[in-house]
Amino acid sequence: MNEIVLKDAPDRRSGFPRGTSEASRGGEAAQSQSDIPYRALFDAIDQGFSVVDLIFDEDGRPVDYVFVEVNPAFEAQTGLHDAVGRSMRSLHPEHEDHWFETYGRVALTGESVRFEHEASALGRWYNVFACRIGGPDSRRVAILFSDITASKRAETASRESEERLRQVQEAARIGSFEFDRASNTAIASPEYLELYGLPGDMSGFFSYDKWVALVHPEDRARIEAETRAAVADPDRTQLDYEFRIVRADNGEVRWVTARTKLIRNDKGRFLRSLGAQWDVTAEKDAEVALRKSEERYRSFIAHSTEGIWLLEFDPPLDTSLPADEQVELAYRNGRFVDCNDAMAGMYGLAHAEDLIGKTLGFPLPSSDPEARAYLAAVVRSGYNQTGVESAEQDLAGNRKYFDNSMTGVVEDGVLRRLWGIQRDITERKQAEEQRTLLIHELNHRVKNTLATVQSLATQTLRTAPTTREAKDALEGRLIALARAHDVLTRESWEGAELREIVVETLAPYSVRGEDRLRMRGPEVRLSPRMALALSMALQELATNAVKYGALSNATGTVNIVWDVKAAQPSDALLLRWEERDGPAVQAPTRRGFGSRLIERSLARELNGAAHIEFQPSGVVCTLEAPLA
């Protein structure tokens, strides 16, 4: 008895086996984590997979089964949706008894089965492997299957086509004739007359002219010319040609192959001919179909954006050799005999002809460790791989990433040909790398922002006289930080314009219709770090001006002026905040957090110098910092 013992299939929603108690789930969590690779495998494969519990009647006969687990390919290959927790009978009551009997036998005996069978209710054929999960008392079965409907239909069509061809071949009787030049008439067999759609009493009265009249008009001139030339040549004894005829009875066009023996006297003069003709319309139709198929194939690969290629190995590659030896031989003996322009373009070549005839070592240098490792994996797979990625270089040295699928033609233990499809996924890979970089950058910026917020909160709470003042100060500083972040976010965190930072930061302190906040200066691009630091400084100055300075009365004004000074090793930003017409200013007896933030922290953040003067006419703050 062939018995496979596996753990119960996990609940698709919880990740634990059905029936597992809440108390035991915690103990099984670690095991569930180890199942992740296998779940990923079954979710990724293109074969349908399901786990079912068999249902038996009172007499022990299998009558239904309930789906416990299915993978994504299950729905695509069966057309059944939301199957988990439902029975097959409820999904398709007309499902054939064969399926229940087969799976029931597997559940009862533990003997795995592999078979092909039609599911008429689903309108599909399947190739199925089924095995029991668990011990002798288990009635759970795992089913792995592939939809082979297309191949089965192709087999049926092929058999029907072969049968039609056989019938045509049986019906294609060869017609014979004997033509006498003196009488200009031919004695024709019944098969010959039937071939041309002539009545049976025409034998002995069928002339050369009547025969030529039945030759298709497009072929008539050629056939007459070839016939005259053959008859006129005293050394010519045989005439072979193909042409179309138009049947006399129904006008049907048929292809005919003719072979004629020319009988001459001792002086080479043509006397009579003996010949045979037979219908080759089926063969001609097949040739046309094949030619059209080849044209479609050529058109497909020519216009495909995927690289399509064919390697031939001369001499064939012995697949019993060690992998390293096979790789060496593949480099030497594998030669491109067919490919499309898309394949050539992936390596920086203009046309397919630039790659055809080249060895495998041309696009995959033997000195490239990644290329050798990739080829070794191909060898180990038996020259059959799907969805395998490779990292390579084109002829210009650019790094490229490809997704590869290939099928080898192995006969008698030797590899003769290797077909492949190659997709350029370089942009996707670069996007993934960029995404990873952005995630790291975002993580860095979030940490820096949190550190800034922590510093603001600590300093504000330590220096504020009351909780209310601490709350107001912290809110204002966080708003300034948020506004600077808004500007930087719109600029994708690549920097910001100084004017926009000033406008956004001071917007809450500007009253419509008043001209109390005046700003002037050239366009200056700030780095993200400088933009955040200046935003915080302007917020502190504006808050102080609203509480004690020029913005605390109805007449005060604030001038914000900036310029760029040429300096080495980089230009420097000069910024001046100057208040006028506010209440008289007295220098404070101690420096608060706002002043320290501007003079110390700001200077340190910007690697520059900042100074605040409490002049009687108003507060003046000057800043100088390098722009680079």
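Dipole of region 38-128, Cα-centred, from +1 at each Lys and Arg C-beta and -1 at each Asp and Glu C-beta, to the nearest 20 debye? Kindly include the intermediate steps, with their values, before the conclusion.
Values: 7 positive and 17 negative charges, 49 e Å.
Here the size comes out at about 240 debye.
A Förster radius of 22 Å combined with the Cβ-Cβ distance from Thr319 to Ser405 puts the calculated FRET efficiency at roughly 0.70.
The simple Förster model, with R0 at 56 Å and r as the Cβ-Cβ distance, assigns Asp233 and Ala350 a FRET efficiency of 0.65. Selection among Ala182, Asn265, Leu195 by position relative to the dipole of region 172-284 gives Asn265 as farthest towards the positive end (Cβ unit charges, Cα centre). Counting only Cα atoms, the size of region 304-424 along its three principal axes is 37, 26, 24 Å, in decreasing order.
Give me Ser367, Ser299, Ser304 sorted ascending by neighbouring Cβ count inside 10 Å, so fewest comes first.
Ser367, Ser299, Ser304
Shown here is the pair-distance distribution of region 56-157: with all Cα-Cα distances grouped in 10 Å bins from zero up to the longest one, the shares run 14, 48, 32, 6, 0 percent. Across the alpha-carbon atoms of region 172-284, the computed radius of gyration and Dmax are 13.6, 43 angstrom.
With the simple spin-label model, which puts each label point 7 Å out from Cα in the Cβ direction, the Thr466 to Thr589 separation comes to 1.9 nm.
Taking the number of Cβ atoms within 10 Å of each Cβ as an exposure proxy, the fewest-first ranking of Asp314, Asp279 is Asp314, Asp279. Solvent-free Debye calculation, one equal scatterer per alpha-carbon of region 524-623: log10 I(q)/I(0) at 0.15 Å⁻¹ equals -0.61.
In this structure, the pairs whose alpha-carbon distance is over 30 Å, taken from Lys152/Lys429; Lys210/Lys284; Lys152/Lys284; Lys358/Lys429, are Lys152/Lys429. Counting only lysines at least 8 places from Lys547 when in the same chain, those with an alpha carbon closer than 19 Å to its own are Lys471. In plain terms, the residue of Arg222, Arg132, Arg244 with the fewest other Cβ atoms within 10 Å comes first and the most crowded comes last, giving Arg222, Arg244, Arg132. Given R0 = 30 Å, the distance between the Cβ atoms of Phe56 and Ala154 translates into a calculated FRET efficiency of 0.20. Annotation: Cα Rg of region 348-419 relative to the compact-globule expectation 2.2 N^0.38 Å equals 1.17. Shape index of region 258-307: Rg/Rh, with Rg the Cα radius of gyration and Rh the Kirkwood radius from the inverse mean 1/r over Cα pairs, equals 1.48. With the simple spin-label model, which puts each label point 7 Å out from Cα in the Cβ direction, the Ser90 to Arg604 separation comes to 6.8 nm.
Scaled against 2.2 N^0.38 Å for its residue count N, the alpha carbon radius of gyration of region 235-290 is 1.48.
Just so you know, all these numbers are worked out from the coordinates, no wet-lab data involved. Note that the structure is predicted; figures quoted are calculated from it, not measured. Virtual Cβ from ideal backbone geometry, glycine too; neighbours counted across all protein chains shown.
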